[in-house]
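The values are calculated or read from the model by the stated rules, or taken from the named source; none is laboratory data. These numbers come from a predicted model, not from an experiment. For neighbour counting, all protein chains shown are included, and Cβ atoms are generated from backbone atoms with ideal geometry for every residue, glycine included. Surface areas here come from the heavy atoms of the whole protein model, side chains and all, with no ligands, DNA or RNA. Shrake-Rupley method; radii C 1.70, N 1.55, O 1.52, S 1.80 Å.
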Amino acid sequence: MPPMLVVLLGFLGVMLVGAFLLALPISNTSHEWASFTHVIYWATNGVCGTGLTVTSTALTFSGFGQAIMFLLVQFGGLGFMTFATIVFIVIGKRITFKDRIAIQEALGLDETKGVVRLVRNIAIMTAIIEGVGALLLIPFFCARNGVIGIWQSVFNSVSAFCNAGFDVNGTPTNPYGSLTDYHSNAGILLVIALLAILGAFGFPVINDVLKSKFRWKKYQLHTKIVIVVQLSLMAFGMFFLLASEFNSAALAGMNGGEKLLNSMFQSVMASSTAGFSSINQTDISYSGRIMTCVLMFIGASPCSTGGGIKTSTFAVLMLVAITGLRGKDEITIARRSISVKTGLRAVTVLFLATFIVLTAALAISATDPNVTQTISQTIGNNNVNNDVGVYFFECITAFTTTGLSTGAAPYLSNGALYIQAVIMLIGRIGPMSVGTIFVKAENDTLKYPNANIMIG
């Protein structure tokens, strides 16, 4: 069985078990069996770390149901093979060579050497980062909400580091609020943003930074590329959103400092694909929404808890473009050569991601042609009336497992929800990885004569 098929079946298995548990009367505040479609959608969101919701997490699920969602989010952040390996280590099961290959494929590594040690470090890093994050959030949430703030802090910390976007902050007056009630609370927004950034960097990057004792010269080239690209995108997104939304409804009523804080938070949540929101997404201008889509599409970094085509893929695509413009045959960076195979993989990921998003948007728009009018009439916001961009936004946020939303999910048909669930799963595992399940790799040494094809 191909390693990525094992990973796919593992995700599906956990998703089905999670869906069954969420459907139980004990999991819901209504104490009734939940809708099959809705629990499948919820469970897929959980294991993929997306955060799209058809109803409020806090108001729909009981304590037991929220605990199940918590476990699904944690599982989704770590990934099937990482989670399974941690269990194997705990029970003392020997990690076979086949297991190591599957771990390597799941984490997107180049070799099997040291994968078990890396998984062990991942477990330790995850526990420390999420634990510290929860401790930092407790004073803020408890000051506002009392003792329930402890659970909110733990849940939000795990969800932020796993770049899931789920929260248990909903209230009857603001059921889908995420962190909109805390838009002026710098403490909460900064901690959540930091957790999301760490999750977006990826475990190999964090491991390399710690191993190199924070000395830039000793970082691996991959680490340098990820840090530079990720932080540059976040900074660019922040200033762009600050300029585009300064006088918009999204930042209305905020002072200069709050506008900068919330622009930064929106940029970080989009580029890390974390999915928390401190401002209403339907109030964002069209240019701000396009920038959010761009940041989500590029996404986080390889072997991280985030989605998207990945920052390193974006960097390689830029290098390929520069190489093509210069008329060179070799892709280089920092006195290093990047193989043509790596460049082709980056182009393949871009093509597959674009194809999947376009196909899904077309399918959902054909399935639910009037959903934008329904949203507009329900929330009274003409910014989403007859807006084709809503379909693309919802498909990009699903594929990149971000969770930022214009509020369309509660109004989508069952067919549209299943389409979103499928592209979430593809986005979480990776389009290249899913493709290798169906397309057999070939090691063909036969060379053919060159053919000249006009480009551009």
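In the stretch 297-343, the residue that is nearest to the chain's Cα centre (by Cα) out of those that are modelled with pLDDT under 90 and on the phi > 0 side of the Ramachandran plot is Cys303. May I ask you to list pairs of residues, at least six apart or on different chains, whose Cβ atoms are under 9 Å apart, with the first in the stretch 252-269 being open to solvent by 20 Å² or more (accessible area, probe 1.4 Å) and the second being small (Gly, Ala, Ser) and assigned to a helix (DSSP H, G or I)? Listed pairs, sorted by first residue: Gly257/Ala186; Glu258/Ala186; Leu261/Ala186; Met264/Ala193; Met264/Ala235; Met264/Gly237.
The listed residues are Gly343, Gly324, Gly307, and the only one of them that is surrounded by 19 or more Cβ atoms within 10 Å (Cβ to Cβ) and not hydroxyl-bearing (Ser, Thr, Tyr) turns out to be Gly307. Residues that are on the phi < 0 side of the Ramachandran plot and within 18 Å of the chain's Cα centre (by Cα) occur in the stretch 248-265; there is at least one. Filtering the stretch 159-192 to residues that are small (Gly, Ala, Ser), in a helix (DSSP H, G or I), open to solvent by less than 30 Å² (accessible area, probe 1.4 Å) and within 23 Å of Leu260 (Cβ to Cβ) leaves Ala160, Gly187.
Among the residues making up the stretch 30-39, those that are open to solvent by 20 Å² or more (accessible area, probe 1.4 Å), under 21 Å from Tyr411 (Cα atoms) and out of contact with any strand residue (DSSP E or B) (no Cβ under 7 Å at 6 or more places or on another chain) are Ser30, Trp33, Ser35, Phe36, His38. Filtering the stretch 219-250 to residues that are in a helix (DSSP H, G or I) and among the polar types (S, T, N, Q) leaves Thr223, Gln230, Ser232, Ser244.
Scanning the stretch 132-158 for residues that are aliphatic (A, V, I, L, M) and either open to solvent by 40 Å² or more (accessible area, probe 1.4 Å) or not in a helix (DSSP H, G or I) (or both) yields Val132, Leu135, Leu136, Ile138, Ala143, Val147, Ile148, Ile150, Val154. Can you find even one residue in the stretch 193-214 that is open to solvent by 10 Å² or more (accessible area, probe 1.4 Å), hydrophobic (A, V, I, L, M, F, W, C), without any contact (Cβ under 8 Å) to a residue 60 or more places away in the chain and touching a Ser or Thr at 6+ places or on another chain (Cβ under 9 Å)? Yes, the stretch 193-214 contains a residue that is open to solvent by 10 Å² or more (accessible area, probe 1.4 Å), hydrophobic (A, V, I, L, M, F, W, C), without any contact (Cβ under 8 Å) to a residue 60 or more places away in the chain and touching a Ser or Thr at 6+ places or on another chain (Cβ under 9 Å). Counting only residues that are modelled with pLDDT of 85 or more and not hydrophobic (A, V, I, L, M, F, W, C), the stretch 378-410 holds 8 of them.
Answer yes or no: is there a residue in the stretch 75-84 that is open to solvent by 30 Å² or more (accessible area, probe 1.4 Å) and closer than 21 Å to Ser272 by Cα. Yes: one or more hits.
Here Glu105 meets each of (1) among the charged types (D, E, K, R); (2) modelled with pLDDT of 75 or more; (3) within 22 Å of the chain's Cα centre (by Cα) with one exception, condition (2).
Could you say whether any residue in the stretch 80-98 is among the polar types (S, T, N, Q) and at pLDDT 85 or above? Checking the stretch 80-98: not a single residue is among the polar types (S, T, N, Q) and at pLDDT 85 or above.
Can you find even one residue in the stretch 51-71 that is in a helix (DSSP H, G or I), free of Cβ contacts under 8 Å to residues at least 12 places away in the same chain, open to solvent by 20 Å² or more (accessible area, probe 1.4 Å) and hydrophobic (A, V, I, L, M, F, W, C)? Scanning the stretch 51-71 turns up at least one residue that is in a helix (DSSP H, G or I), free of Cβ contacts under 8 Å to residues at least 12 places away in the same chain, open to solvent by 20 Å² or more (accessible area, probe 1.4 Å) and hydrophobic (A, V, I, L, M, F, W, C). Looking at the stretch 270-295, which of its residues are assigned to a loop (DSSP other than H, G, I, E, B) and buried (at least 24 other Cβ atoms within 10 Å of the Cβ)? Listed by number, the residues that qualify are Ser272, Thr273, Ala274, Gly275, Phe276, Ser277, Ser278, Ile279, Ile284.
Residue pairs whose Cβ atoms lie under 9 Å apart, separated by 6 or more positions or on different chains, with the first residue in the stretch 425-438 and on the phi > 0 side of the Ramachandran plot and the second of a type in the set (D, E, K, R) and not in a helix (DSSP H, G or I), are Gly430/Lys310.
Taking first residues from the stretch 360-372 that are open to solvent by 20 Å² or more (accessible area, probe 1.4 Å) and partners that are of a type in the set (Gly, Ala, Ser), the Cβ contacts under 7 Å between residues at least 6 apart in sequence or on separate chains come to Thr367/Ser413; Thr367/Gly415; Thr367/Ala416.
Listed by first and then second residue, the pairs linking a residue in the stretch 156-176 that is farther than 18 Å from Gly65 by Cα and of a type outside the set (Lys, Arg) to a residue that is at pLDDT below 90 and buried (at least 23 other Cβ atoms within 10 Å of the Cβ), with Cβ atoms under 6 Å apart and 6 or more places separating them unless they lie on different chains, are Cys162/Gly49; Cys162/Gly77; Cys162/Thr305; Asn163/Gly49; Asn163/Thr305; Asn163/Gly306. The number of residues in the stretch 1-45 that are assigned to a helix (DSSP H, G or I), under 30 Å from Lys440 (Cβ atoms) and not β-branched (Val, Ile, Thr) comes to 11.
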